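Report on one structure; see the data block that follows.
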Amino acid sequence: MEILRTATDLRQLDKWRSEDNWRSEQPLVLVPTMGALHPGHLSLVEAGAALGPVVVSIFVNPTQFGPGEDLDAYPRDLESDLAMLEPLGVKAVFAPSVTEMYGQPGEVTVQPGNRGQGLCGGDRPGHFSGVLTVVAKLLGLVRPDVAIFGRKDAQQCLVIRQMVEDLKIPVWLADGPTVREADGLAMSSRNRYLSEEQRLQALCLSRALHSAREMLVAGERNREKLQAALLAELSDADKMEYAEVRLVPDLEEPVAVSGTVLLAVAARVGPARLIDNLVLDLSSGGVKDGFLLGDPQRWSGK
Ligand code: PAF
């Protein structure tokens, strides 16, 4: 596994691409992360490795953190991240410095379209511009055929999908499911901020989603009733930020709850701002897990 630090180092990828043992039909896969890896990230890497050589980027991107957010506290442990990636057969890790990724003040940034309004975009002004700007840079630097993101950051997935479509960026996007602890808590690098007691309190997010899902399974399609069920459970958090039922991919508030639906919650528990969601496909009349970008197993070739 190579550790690449700069744009120049990344040109090593072109050398590999031209080598005989690089099967030309295999896509180069990028899994972008901010490190502090957990089994959720590793499942994305595994999904990518089933398709072709994987590059994992590890970069705590300062521009997606707002003033007063946890940029300084965000866990950084490159050595332990590398130890987790090595056994998965990752081809390379791209771990640039801030100065490698960002130049002078006043440089070009990418602004989200309509999908970046509301939800986390409302609570974290500037967040999605930071995400899109760094993802555009990573896609330009690595030039992957496929990029895989975690479904847990549902709005992020949809905002990135809109950027890729609108800016005609030649990459195929896929999303991998949220990985949960045995008790339902969605895995997140920010769970490290929680005490034992707060960790139990944080279960209200997955409980909220579970109860709204059960209502959908029982045939409930009234948005207000579903949102009320989400809100009722979130009263256990220290501060509820949002509890929403939205449509995929444009995140409109549905008049009729149908098609692919996002149940999304965000709340503060102790020092952590936590998010969780379910993406549910109601199109067959039943309730199935849905995708926001694409099923990695459905990559159909270059
Ligand atoms: O989801 C994340 O870890 C980050 O937002 C991403 C996509 C790596 C951009 O910094």
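A182 - would you say it is more than 27 Å from L209 (Cβ to Cβ) and either more than 12 Å from the ligand (Cβ to nearest atom) or surrounded by fewer than 21 Cβ atoms within 10 Å (Cβ to Cβ) (or both)?
On the way: more than 27 Å from L209 (Cβ to Cβ): no; either more than 12 Å from the ligand (Cβ to nearest atom) or surrounded by fewer than 21 Cβ atoms within 10 Å (Cβ to Cβ) (or both): yes.
Taking the combined requirement at face value, the residue does not satisfy it.
Would you call L82 more than 16 Å from the ligand (Cβ to nearest atom), crowded, with 18+ Cβ neighbours inside 10 Å, among the aliphatic types (A, V, I, L, M) and farther than 18 Å from V171 by Cβ?
Considered against the rule, which asks whether it is more than 16 Å from the ligand (Cβ to nearest atom), crowded, with 18+ Cβ neighbours inside 10 Å, among the aliphatic types (A, V, I, L, M) and farther than 18 Å from V171 by Cβ, L82 comes out as yes.
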Taking the range 177-229 and keeping residues closer than 25 Å to S258 by Cα, charged (D, E, K, R) and part of a helix (DSSP H, G or I) leaves R207, R213, E214, R223, E224, K225
All conditions in (1) over 18 Å from the mean Cα position of the chain (by Cα); (2) under 24 Å from L263 (Cα atoms) are true of L88 except (2)
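For the range 62-74, how many residues meet the condition of being under 13 Å from M34 (Cβ atoms), in contact (Cβ under 8 Å) with a residue 24 or more places away in the chain and touching a Pro at 6+ places or on another chain (Cβ under 9 Å)?
Restricting attention to the range 62-74, the residues satisfying the condition of being under 13 Å from M34 (Cβ atoms) are 62-65, 69-71, 73-74.
Filter once more, so that each one left must be in contact (Cβ under 8 Å) with a residue 24 or more places away in the chain: 62-65, 69-70, 73-74.
Applying the additional criterion that residues be touching a Pro at 6+ places or on another chain (Cβ under 9 Å) yields 70, 73.
Count: 2.
Residues Q26, Q117: which one is away from the ligand (no atom under 16 Å from the Cβ) and under 18 Å from the mean Cα position of the chain (by Cα)?
Details: Q26 fails: under 18 Å from the mean Cα position of the chain (by Cα).
Selected residue: Q117, the only one of Q26, Q117 that is away from the ligand (no atom under 16 Å from the Cβ) and under 18 Å from the mean Cα position of the chain (by Cα).
Could we say that V93 is touching a residue at least 60 places away in the same chain (Cβ under 8 Å), touching a strand residue (DSSP E or B) at 6+ places or on another chain (Cβ under 6 Å) and over 24 Å from L158 (Cα atoms) here? Lay out the reasoning, then the answer.
On the way: touching a residue at least 60 places away in the same chain (Cβ under 8 Å): yes; touching a strand residue (DSSP E or B) at 6+ places or on another chain (Cβ under 6 Å): yes; over 24 Å from L158 (Cα atoms): yes.
In short, yes.
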Residue match in the range 277-285 (condition: in contact with a strand residue (DSSP E or B) (Cβ under 6 Å, 6 or more places away or on another chain), outside any loop (DSSP other than H, G, I, E, B), without any contact (Cβ under 8 Å) to a residue 60 or more places away in the chain and within 22 Å of S43 (Cβ to Cβ)) | yes
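We did not get these values from a lab; they are worked out from the coordinates using the rules stated. In this text the structure is predicted, and so the values were computed from the model without any measurement. Glycine also receives a Cβ, built like all others from the backbone with ideal geometry; neighbour counts cover every protein chain displayed.
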